[in-house]
1. With respect to the numbered conditions (1) open to solvent by less than 70 Å² (accessible area, probe 1.4 Å); (2) in contact (Cβ under 8 Å) with a residue 12 or more places away in the chain; (3) within 26 Å of Gly115 (Cα to Cα), which one is the sole condition not fulfilled by Leu30?
2. Checking the conditions here, which among Phe121, Phe96 is over 19 Å from the mean Cα position of the chain (by Cα) and not small (Gly, Ala, Ser)?
3. Scan region 46-55 and tell me whether some residue there is part of a loop (DSSP other than H, G, I, E, B) and in contact with a helix residue (DSSP H, G or I) (Cβ under 9 Å, 6 or more places away or on another chain).
4. Out of region 98-148, which residues are of a type outside the set (A, V, I, L, M), part of a helix (DSSP H, G or I), open to solvent by 40 Å² or more (accessible area, probe 1.4 Å) and without any contact (Cβ under 8 Å) to a residue 24 or more places away in the chain?
5. Show the residue pairs meeting these rules: Cβ distance below 7 Å; 6+ apart or different chains; first residue within region 65-78 and open to solvent by 10 Å² or more (accessible area, probe 1.4 Å); second residue part of a helix (DSSP H, G or I) and at pLDDT 90 or above.
Amino acid sequence: MPKKSRSRSLTARVSPSDHVRGSPLAEVTLVAYGDFACPACARSYRVVKKIQAKMGARLRYVFRSFPQPGSSEDAAEAAECASNQGQFWEMHDRLFENRGASDEVHLARYATELGLDLGKFRRDMTGHVHAARVRARRRAGARSGVLGTPTFFINALRHESDFGLATLLPAVQAAASPS
């Protein structure tokens, strides 16, 4: 039986339900599938911050949770709970800056620090209100060929190289100014 090849293209287009920083009119869209508990994702978070600073308005950045089962599903749900209260990116940043500290106590502390309605946050977390959304993002990533994290797509094409600044930044810049 022939080996099934992994998709090179993003199958789930960027939509209003995505978590987006930047304009839809930006020259380049960088989509990241990441896991809040992943050490490599924490490193790539810092790289993306530098790319965002360098590219400015020319970049639109999209983050989609792709938690490994049993790994950071709670953190992904916490980010969605924060999103429901208009604070996705603030929670996203807290989770990556404090990777590994995503137990119930830490998540509640981040919610408090962000000024979220803690009662609603706890009810949503306990009831797994956003679990289906997290699972749907993971399935969409799998359809696009995401096997692990981090995985990046630049203008809907999977970035095949490493995610270090010396590699990812030139790839993003090249997509912004095609020859």
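1. Exception for Leu30: condition (3).
2. Exactly one of Phe121, Phe96 is over 19 Å from the mean Cα position of the chain (by Cα) and not small (Gly, Ala, Ser), namely Phe121.
3. Checking region 46-55: not a single residue is part of a loop (DSSP other than H, G, I, E, B) and in contact with a helix residue (DSSP H, G or I) (Cβ under 9 Å, 6 or more places away or on another chain).
4. Matches in region 98-148: His106, Arg109, Thr112, Glu113, Arg122, Arg123, Thr126, Arg135, Arg139.
5. That search, which allows pairs on different chains as well, returns Glu73/Val134; Asp74/Leu107; Glu77/Met125; Glu77/Ala131; Glu77/Val134.
The values are calculated or read from the model by the stated rules, or taken from the named source; none is laboratory data. Because the structure is a prediction, the values reported are computed rather than measured. No Cβ is skipped: glycine too gets one built from the backbone with ideal geometry, and neighbour counts run over all protein chains shown. Keep in mind that these areas ignore ligands, DNA and RNA; they rest on the heavy atoms of the full protein, side chains included. Shrake-Rupley method; radii C 1.70, N 1.55, O 1.52, S 1.80 Å.
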